[in-house]
Amino acid sequence: MLIGELAAQAGTTTRALRYYEEQGLLESDRTGAGYRVYKPGAVTRVRNVRELLASGFTVEDVKSFVRYLDTDLPEVFEYSPSCADGYIVGAQRVTELEERIAALTRLRDTLVHRMPWLAARGDTADQRAASPRRVA
């Protein structure tokens, strides 16, 4: 996937992608002609990085988190082709569910902030204070 395609799919600009790459948050390979080529998982990576930066995390915090996620863990079993296919499908499903949970959590926080009576009994004042605030 080229940089323009990635920008369109991730909903960002090529300038932002170059910035992420300069900061070490995104990796690309180069073709013989010098074009930047990204792996298929780059769309999810860009969305996650953008959301973390928008949430107020520093570039260094995001770098640490990305390095942690990229750490190779030792394999505990050998892959067979069918197992690898199942793993890919399962990983995609987990990513989709994580994105839906994050979106629903943000929606819940917004609703609780605007309508405090919707808060669950177990919510503390800190959890209510952590919800996004509306700028007047």
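The values are calculated or read from the model by the stated rules, or taken from the named source; none is laboratory data. Keep in mind that this is a model prediction, so the values were computed, not measured. Here the Cβ is made from the backbone with ideal geometry for all residues, glycine too, and neighbour counts use every protein chain on show. Quick note on the areas: whole protein, heavy atoms, side chains included, nothing else; ligands and nucleic acids left out. Shrake-Rupley method; radii C 1.70, N 1.55, O 1.52, S 1.80 Å.
The residues of segment 15-38 that are without any contact (Cβ under 8 Å) to a residue 24 or more places away in the chain and either under 15 Å from the mean Cα position of the chain (by Cα) or open to solvent by less than 50 Å² (accessible area, probe 1.4 Å) (or both), listed by number, are 21, 26, 27, 34. Taking segment 106-116 as the range and being surrounded by 11 or more Cβ atoms within 10 Å (Cβ to Cβ) and under 18 Å from the mean Cα position of the chain (by Cα) as the test, only 106 passes.
Check whether at least one residue in segment 50-61 is out of contact with any Leu (no Cβ under 6 Å at 6 or more places or on another chain), modelled with pLDDT of 85 or more and either among the polar types (S, T, N, Q) or in a loop (DSSP other than H, G, I, E, B) (or both), and report yes or no. Within segment 50-61, none of the residues are out of contact with any Leu (no Cβ under 6 Å at 6 or more places or on another chain), modelled with pLDDT of 85 or more and either among the polar types (S, T, N, Q) or in a loop (DSSP other than H, G, I, E, B) (or both).
Contact map, segment 102-131: residues that are within 20 Å of residue 48 (Cβ to Cβ) paired with residues that are open to solvent by less than 90 Å² (accessible area, probe 1.4 Å) and at pLDDT 80 or above, Cβ distance under 8 Å, separation 6+ or inter-chain. Pairs shown: 102/51; 130/109.
Taking the criterion of being in contact with a Phe, Trp or Tyr (Cβ under 6 Å, 6 or more places away or on another chain) and not polar (S, T, N, Q), would at least one residue in segment 13-24 satisfy it? No - not one qualifying residue is present in segment 13-24.
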